[in-house]
Amino acid sequence: MFEGPDKIYWENDEGLGYVMDTGNHDVRTEGMSYAMMIAVQYDRKDVFDKLWGWVMKYMFMTEGLHKGYFALSVDLSGVPNANGPAPDGEEYFAMALFLTSGRWGEDGEGYPMWNPENHLIKFIPETEWTDPSYHLPHFYEVFAQRADEADRPFWREAAAASRRYLVTACHPETGMNPEYSNYDGTPHVDEHDHWHFYSDAYRTAGNIGLDCLWNGVVPELCDADARLQRFFLEHDRTCVYAVDGTPVDETVLRPVGFIAATAEGSLDNAIRWVRLLWDTPIRTGTRRYYDNFLYAFAFLALAGEYRVW
């Protein structure tokens, strides 16, 4: 991913580093924060510093409604394509910085990324719905230990709230969750079909698996991952589905990422899913960016090497 003909990482003339979303030809907070996390896990401070330097120079917003956050999409030259943030990238930035003894914060006017009443992360700061794959209770447990003292009770409650929410967001029969969801766990219906089990949604199973690895088993969440794994051992893994298991006339866009994240959640049918991942080669070609990040995270977690430092 970082070297060779199929890499997604480059360095510019200033010695700063970035990863490109090879399917969309831009730089995203999602990918930059994922790459920083991988750099931490592999003890590559040189790469981490180059990535963080690029982020602060080209993505950090110093004014306006979202001052203190990061532009979710930036052109390869450093020109922002968007003037708003994406919470999934922001929470990975925070975790990566905590793991390198860094610190983060926010200041000024704007919207919070978590609903302060129910402690659930939002899809974007100005909305009042969420994305199940954004919920990382295992990160919030670390925030509760390392954040400013006054913020620690919030993070402890956020971890508990996310686990309760994920139980409701995963379908009681299939274990699938939608890409976007209302706070009560029901699919959030909009004009873009994000209520299906699609690309974002694949990450949830892996997040549950890593939370159980770091913090102990939550039976209801283990059951959700088990239902998901059983469903996809018996159904076409190239087809898109509504969360109740109804096939949708669409093909999976991220097949390697789907297998990787589902395997990372291996709490039942573990041998079959881990073998399926082991036999799946890393993805090449235009769409390799997202799939291969999930692939890398799954291998780290399943090897017991995805650690809190």
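The values are calculated or read from the model by the stated rules, or taken from the named source; none is laboratory data. A quick note: this is a predicted structure, and the numbers were derived from the prediction, not measured. Reconstructed Cβ throughout: ideal geometry from the backbone, glycine too, with neighbour counts over all protein chains shown. Just the protein is used for accessible areas: all its heavy atoms, side chains included, with ligands, DNA and RNA removed. Shrake-Rupley method; radii C 1.70, N 1.55, O 1.52, S 1.80 Å.
Per-residue answers, yes or no, for (1) closer than 13 Å to GLY257 by Cβ; (2) open to solvent by 30 Å² or more (accessible area, probe 1.4 Å):
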position	(1), (2)
ALA270	no, yes
VAL274	no, yes
TRP278	no, yes
ARG283	yes, yes
ARG287	yes, yes
TYR290	yes, no
LEU294	yes, no
GLU305	no, yes
Taking the residues in the range 213-263 that are within 23 Å of GLY304 (Cα to Cα) and not in a helix (DSSP H, G or I) as candidates, determine which candidate is most open to solvent (accessible area, probe 1.4 Å).
VAL217
Among the residues of the range 74-89, how many are assigned to a loop (DSSP other than H, G, I, E, B), surrounded by 14 or more Cβ atoms within 10 Å (Cβ to Cβ) and without any contact (Cβ under 8 Å) to a residue 40 or more places away in the chain?
2
Name the residue that is nearest to LEU294 (Cα to Cα), counting only residues in the range 264-275 that are in a helix (DSSP H, G or I) and aliphatic (A, V, I, L, M).
VAL274
Search result, residues across the range 120-148 that are part of a loop (DSSP other than H, G, I, E, B) and under 16 Å from the mean Cα position of the chain (by Cα):
LEU120, LYS122, PHE123, ILE124, ASP131, HIS135, LEU136
Determine whether ALA96 is touching a Phe, Trp or Tyr at 6+ places or on another chain (Cβ under 6 Å) and surrounded by 21 or more Cβ atoms within 10 Å (Cβ to Cβ).
no
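Within the bounds of the range 290-308, is there any residue that is part of a helix (DSSP H, G or I) and over 19 Å from ALA35 (Cα atoms)? Don't jump to the end; show me each part of the working.
If we filter the range 290-308 for residues that are part of a helix (DSSP H, G or I), which is where we start, we get 290-302.
Now restrict to residues that are over 19 Å from ALA35 (Cα atoms): none.
No, the conditions are met nowhere in the range 290-308.
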Pick from TYR34, TYR42: which is among the aromatic types (Phe, Trp, Tyr) and at pLDDT 95 or above?
TYR34
Just checking, how many residues over the range 156-175 are assigned to a loop (DSSP other than H, G, I, E, B), of a type outside the set (Asp, Glu) and over 10 Å from PRO132 (Cβ atoms)?
4
Quick one: TYR134 ticks every box in (1) exposed (fewer than 15 other Cβ atoms within 10 Å of the Cβ); (2) hydroxyl-bearing (Ser, Thr, Tyr); (3) at pLDDT 95 or above except a single one, so which number is it?
(1)
Looking only at the range 48-73, how many residues end up being closer than 21 Å to THR22 by Cα, part of a loop (DSSP other than H, G, I, E, B) and over 18 Å from the mean Cα position of the chain (by Cα)?
1
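Inspect the range 95-111 for any residue being under 21 Å from ASP200 (Cα atoms) and either over 18 Å from the mean Cα position of the chain (by Cα) or at pLDDT below 95 (or both) and give the result as yes or no. Steps first, answer last, please.
Applying the first criterion (under 21 Å from ASP200 (Cα atoms)) to the range 95-111 yields 95-96.
Applying the additional criterion that residues be either over 18 Å from the mean Cα position of the chain (by Cα) or at pLDDT below 95 (or both) yields 95-96.
Yes: one or more hits.
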Show the residue pairs that are 6+ apart or on different chains and have beta-carbon atoms under 7 Å apart, the first residue being within the range 232-252 and over 21 Å from ASN269 (Cβ atoms), the second being acidic (Asp, Glu).
VAL240/GLU250
Within the range 177-186, identify whether any single residue is buried (at least 21 other Cβ atoms within 10 Å of the Cβ) and outside any loop (DSSP other than H, G, I, E, B), and answer yes or no.
yes
Can you name the residue in the range 13-34 that is of a type in the set (A, V, I, L, M) and crowded, with 24+ Cβ neighbours inside 10 Å and, of all such residues, is nearest to SER73 (Cα to Cα)?
VAL27
